[in-house]
Amino acid sequence: MTYADLRDDYIAKVVQGKTFVDVGGLWGTVNEKVSVAHQLGAVALTMIDYQPKGNELWQKFDERMKSLGIKDYHSISQDIGQIEPGVISNPFDIVHCSGVLYHHPNPMHLLATLRQITRQNLILTSSITQEVIENEKGCYQVPASGVIFVPALNNTEFNILKTYWEKFGVRAQGLTEKIVYNLNDFEPWWWLPTAFALARMCETAGFKVIDKGLMWNNNALTLLLKL
């Protein structure tokens, strides 16, 4: 069976009879993959998100689980990059993480932490940059090996990227709206790797790329990774 969402396809390939965790899946509520893993046969379910317990997003997640008849799941309220010893006693068979890496000030540390909590597979999705972006504001080029550090964009570069992303209806702190960055803030966009660079980042962190595919008008890459 083929699913409309590539992430669901990858989850379906590996999750049956496995333990599963969704890292950073609270935003948007319906974007969570705990319910998908439950439907596809996961034997244990966990959500990890940095939002504080009792936050509206946690409440909406709990309400969604209740509405879907899912009672047996675990919730961990903590930044995945700062998980305290003992909070996760055993790695999860399958780890899903979507829309987190480019919001994290330390993406390689994030990948290293994801590797530590993964026993078998990581399904990772991140926004990426095109290698050439050209519009009425100018032309911006990134080598295949490149990663854009968004806070470093000059005014011309910012306007080129802002125009590109707004074409797709994206409004993002740092990318389409200038802000003052704070290392403890996970709302802005910090990084935009190319598709090639993102795959190499994952390999450098110790994963093997099994499959990958573009999403979101080719502005995001989903990878099925294995240890």
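Numbers below:
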quantity: Residue in the range 53-62 that is in contact (Cβ under 8 Å) with a residue 24 or more places away in the chain and crowded, with 20+ Cβ neighbours inside 10 Å present; calculated: yes
quantity: Enumeration of residues in the range 67-85 that are part of a loop (DSSP other than H, G, I, E, B) and either modelled with pLDDT under 95 or among the hydrophobic types (A, V, I, L, M, F, W, C) (or both); calculated: L68, I70, Q78, D79, I83, E84, P85
quantity: Complete set of residues in the range 3-20 that are at pLDDT 95 or above and either of a type in the set (S, T, Y) or touching a helix residue (DSSP H, G or I) at 6+ places or on another chain (Cβ under 7 Å) (or both); calculated: D8, Y10, I11, V15, T19, F20
quantity: Of all residues in the range 86-111 being surrounded by fewer than 19 Cβ atoms within 10 Å (Cβ to Cβ) and modelled with pLDDT of 95 or more, the one that is nearest to K13 (Cα to Cα); calculated: P91
quantity: Top-ranked residue in the range 177-197 [being polar (S, T, N, Q) and surrounded by fewer than 12 Cβ atoms within 10 Å (Cβ to Cβ); ranked as modelled with the lowest pLDDT]; calculated: N184
quantity: Of all residues in the range 56-107 being hydroxyl-bearing (S, T, Y) and touching a Lys or Arg at 6+ places or on another chain (Cβ under 7 Å), the one that is farthest from W191 (Cα to Cα); calculated: S77
quantity: Candidate set from the range 211-225 (those that are more than 14 Å from the chain's Cα centre (by Cα) and surrounded by fewer than 14 Cβ atoms within 10 Å (Cβ to Cβ)); member that is farthest from V170 (Cα to Cα); calculated: N218
quantity: Tally of residues being of a type in the set (V, I, T) and more than 12 Å from T46 (Cα to Cα) across the range 88-116; calculated: 2
quantity: Residue check for G174: more than 14 Å from the chain's Cα centre (by Cα), modelled with pLDDT of 95 or more and buried (at least 19 other Cβ atoms within 10 Å of the Cβ); calculated: yes
quantity: Every pair of residues 6+ apart whose Cβ atoms lie under 7 Å, when the first sits in the range 197-210 and is more than 13 Å from L114 (Cα to Cα) while the second is acidic (D, E); calculated: V209/E203
quantity: Residue tally, condition in a strand (DSSP E or B), in contact with a Ser or Thr (Cβ under 6 Å, 6 or more places away or on another chain) and closer than 20 Å to L221 by Cα, over the range 130-157; calculated: 1
quantity: Candidates I123, I148, I133, filtered to the one that is in contact (Cβ under 8 Å) with a residue 24 or more places away in the chain and touching a His at 6+ places or on another chain (Cβ under 9 Å); calculated: I123
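Residues checked against (1) under 15 Å from the mean Cα position of the chain (by Cα); (2) in a loop (DSSP other than H, G, I, E, B):
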| position | (1), (2) |
| --- | --- |
| Y10 | yes, no |
| T29 | yes, yes |
| S35 | no, no |
| I48 | yes, no |
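The values are calculated or read from the model by the stated rules, or taken from the named source; none is laboratory data. All values reported here derive from a predicted model rather than from experimental measurement. Neighbour counts are summed over all protein chains in view; Cβ atoms, including those assigned to glycine, are modelled from backbone coordinates with ideal geometry.
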